[in-house]
1. Looking at region 53-73 only, could you name the residues that are at pLDDT 90 or above and over 20 Å from Asp275 (Cα atoms)?
2. Is it true that some residue in region 258-278 is assigned to a loop (DSSP other than H, G, I, E, B), in contact (Cβ under 8 Å) with a residue 60 or more places away in the chain, over 19 Å from Ala95 (Cβ atoms) and basic (Lys, Arg)?
3. State which residue is farthest from Phe689 (Cα to Cα) when the search covers only region 746-773 and only residues that are open to solvent by 20 Å² or more (accessible area, probe 1.4 Å) and β-branched (Val, Ile, Thr).
4. Could you please find all residues in region 45-94 being closer than 14 Å to Ala248 by Cα and β-branched (Val, Ile, Thr)?
5. Which residues, counting only those in region 111-137, are open to solvent by 50 Å² or more (accessible area, probe 1.4 Å), closer than 28 Å to Arg267 by Cα and among the basic types (Lys, Arg)?
6. Here is a list: Ala321, Ala307. Which entry is assigned to a helix (DSSP H, G or I), over 30 Å from Ser45 (Cα atoms) and at pLDDT below 65?
7. Need pairs with beta-carbon distance below 6 Å; first residue free of Cβ contacts under 8 Å to residues at least 60 places away in the same chain and within region 489-513, second open to solvent by less than 50 Å² (accessible area, probe 1.4 Å) and in a helix (DSSP H, G or I); sequence gap 6+ or separate chains.
8. Of the conditions (1) touching a residue at least 12 places away in the same chain (Cβ under 8 Å); (2) crowded, with 16+ Cβ neighbours inside 10 Å; (3) not polar (S, T, N, Q), Gly213 satisfies every one except a single condition; which number is it?
Amino acid sequence: MHIWLQDFRFACRMLRKNALSTIVILASLAIGIGANSAIFSVVDSLLLRPLPYPQPDRLAAVWLHSPAIGILRDWPSPGQYIDIQNENHSFEQMALAQSRTFVLTGRDQPERIFGARTQSTLLEMLGAKPLLGRLLLPEEDKPGKPDVAVLSERVWKRLFNADPAIIGKTIVLNSNPFIVAGVLQRGFALTDEVMPSETPMDRMDIFAPLPLGADAVKNRGDENYNIMVRLKPGVSVQQAQADIDVIASRIREKDKRGASFGMHVVRLQEQVVGDVRRALLVLLGSVGLVLLIACANVANLLLTRSAVREKEVAIRTAMGAGWQQLVRQLLTESVLLGLLGGAAGLLVAQLSIYTVRAMNPGNIPRLEDIAINSTVLMFTFGVSLATGILFGIAPVWRAIKVDLNTSLKAGGRSGQSEGGLHLRRHSLRGLLVVSELTLSLVLLIGAGLLIRSFVRLQSVPPVFTTDHVLTMEVAAAGKKYQDDKDHKPIISFYKEVESRVAHLPGVVAEGLVSALPLTGEVGWGGINVEGYTPPPGQELQADQRIASTDYFRTMEIPLRKGRYFTEDDTADKPQVVIIDEKFAQRFWPDGDPIGKHLWFNPKKPIAIVGVVSVVKQYGLETDGKIATYFPQQQQPDQRMFLAVRTSSESAGLSSAVVSQIHAVDPDVVVYGIRTMQDRLHDSLARQRFSSTMLAAFASFAMLLAAVGLYGVMSYLVTQSTRDIGVLMALGARSGDVIKLVLRQGMQLAAMGIVAGLAGAAVLTRVMSSLLFGVSTTDPATFSGVAALLAAVALAATIVPAWRTTRVDPVVALRDE
């Protein structure tokens, strides 16, 4: 123990003695280790840490899919749920649930609250416990019981001031009375990632019963529910899938579904992670490469320092120090550097996590759970220790190979005895620099591909305007909007809202739509087309949106044929529809769709009156289904998006617009107030985050590689002072010597670039799913990045080369 303490003290003195190089080393390691710790904390939260529910490995969800008609994931119906419940042999528990938006009234201001109608088993499966009152009861899964509500602890505090007497009281949700049955313990969370819905939601705060009567098995067309299950002990997902496949085949025959109809059993953890897994693994691999580059750079710095300390090592050896003692001392220094770099890296990691949250990538679930916990601390310690050993190997190897006689005779100039302008005399340093250049080129190409992909994505026209457009969601909840079969109150409400908003100063146009682009709203269904008979069991699926008369003009969606909706398209007139160009091209590529008909079941013809451009509904990188638009007066909906185009900055009008809506009905909830520019910006968050992170890692890697090359060439010039003096004494001109140094440096760069291009051609294939409009071997990116790195390498070599012109041959030879 005393020996290790002595080595530690000596290491501290050496680090203080070389304060400048120590600071450079610690800064490099802090960024390398910190970035690794930050990304690992994200990976730990999403991929390694189990979901916060009991036995999460046994939790799963059941989804429908029909690839032949373009449906890769669809929500099941109550009838299908009952079929699975009666016939499965794999599930210990099951629950049917449906996400809902509740409007709480009876207060000064109506409140929108996300929640779910669900069977009692859902909360039990997810381990929910009551803080007050109780959970949902099994008898409430059947019709005939009063409506009750279980509140989250969060909404209980926020809206009810943590009133313990809330149990048993009645609250009004969507104009219906609900008795508060319980309040959940703090910490329970059910989010849209765990239970996805057609309407994107935040955390769910209200849970109400979902009664299923005897006739629920006949409800097979309402595919808008979630099925959550717990597998029986010992049953794998693969076994459950085989079980579900048999049930799906029976449903396929019973419901006359297409041959591709099936069901997927998806582990809940995989559902939450979604498509973010590959992006995270790419980033984790990238920061790993950055750390390797940092290690190579630090190893080069320590090699330079060890060259200066050769005489010290020789004297200690001559005095009887064994090679084990030298190795222990040098490794103590490098491990100490690694651990100090790791400690600084934790600060970098914390700052990085804060930055990630501020960037709000949009595609990272459970973002609030990402933190520096004990697992991340252990990871950082392990990486720091391994890093210290890794970059300490090269100096240790050099120290073991020190020639005692040569070093002592050199009188402190031992480094010059091995001088010369030939890289083979410094092969280890050269190899480290080539490795840095290779890895940095791989990162630069990966970043370049993502950046080019992001730029191309930004250039995709959304086919609607985003300039000066204010949007918001409006929920006209209440009995007066529910009970009228002709929906006249809903139509009247929205017509009055449009009229009032249109007269506000600065408003150019306004319109309503059921699913605004870039909001994640999903709405599709089966439809029939005149003159088209689908293959047996394969109904035609189309996006279905409801739009008001002025919606297309407000969003500046171009009309290609026919007309927009008019005020005459009312409920008492023949039904009409507008389709998009994708729809028209599919069924009437050489004809005119105007006047043709669509219909739902039962057959009721709907005349096509217009064709509009294809809108990028779900994102600039996504091609949606064929789309249909129905007039709001003929197919009214209680919840609509209001879009308002203004003559100037739109955000400032939000309060005036909301005031006009509440002047029509004060109990209507208005939420989600955003400009279309903000929605477009957020829709690109995932691509922006990935490209920004990888570009930052690649830039740091390139900087480290340039510093490494500069250090090697500077050391080469310093060690070759005598050789340079001899050359100049023999008549060599300064330009000749500069060319000689530049050639040596560019040889290293060329080797690194060639190896990097080969490595990138292989490794970038894993990024294919992250790219848009760019191949993984894009020639422009590969050549451009290679040229950039060559230019950086040339710049890093020029300064050491220029220093050779200051060598005085007389002084250099006399010093020897």
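The values are calculated or read from the model by the stated rules, or taken from the named source; none is laboratory data. As the structure is a prediction and not an experimental result, all values here were calculated from the model. FYI the Cβ positions are ideal-geometry reconstructions off the backbone, even for glycines, and counts take in every protein chain you see. Only protein heavy atoms, including side chains, enter the accessible area calculation; ligands, DNA and RNA are left aside. Shrake-Rupley method; radii C 1.70, N 1.55, O 1.52, S 1.80 Å.
1. Tyr53, Pro54, Gln55, Arg58
2. The first filter runs over region 258-278 and keeps only residues assigned to a loop (DSSP other than H, G, I, E, B), leaving 258-261, 274-275.
Keeping just the survivors that are in contact (Cβ under 8 Å) with a residue 60 or more places away in the chain gives 258-261, 274-275.
Filter again for over 19 Å from Ala95 (Cβ atoms), leaving 258-261, 274-275.
Of the ones still in play, those that are also basic (Lys, Arg) are none.
The answer is no, given that none of the residues of region 258-278 is assigned to a loop (DSSP other than H, G, I, E, B), in contact (Cβ under 8 Å) with a residue 60 or more places away in the chain, over 19 Å from Ala95 (Cβ atoms) and basic (Lys, Arg).
3. Val754
4. Val62, Ile82, Ile84
5. The answer is Lys129, and nothing else.
6. Ala307
7. Matching pairs, first to second residue: Pro489/Tyr481.
8. Condition not satisfied by Gly213: (2).
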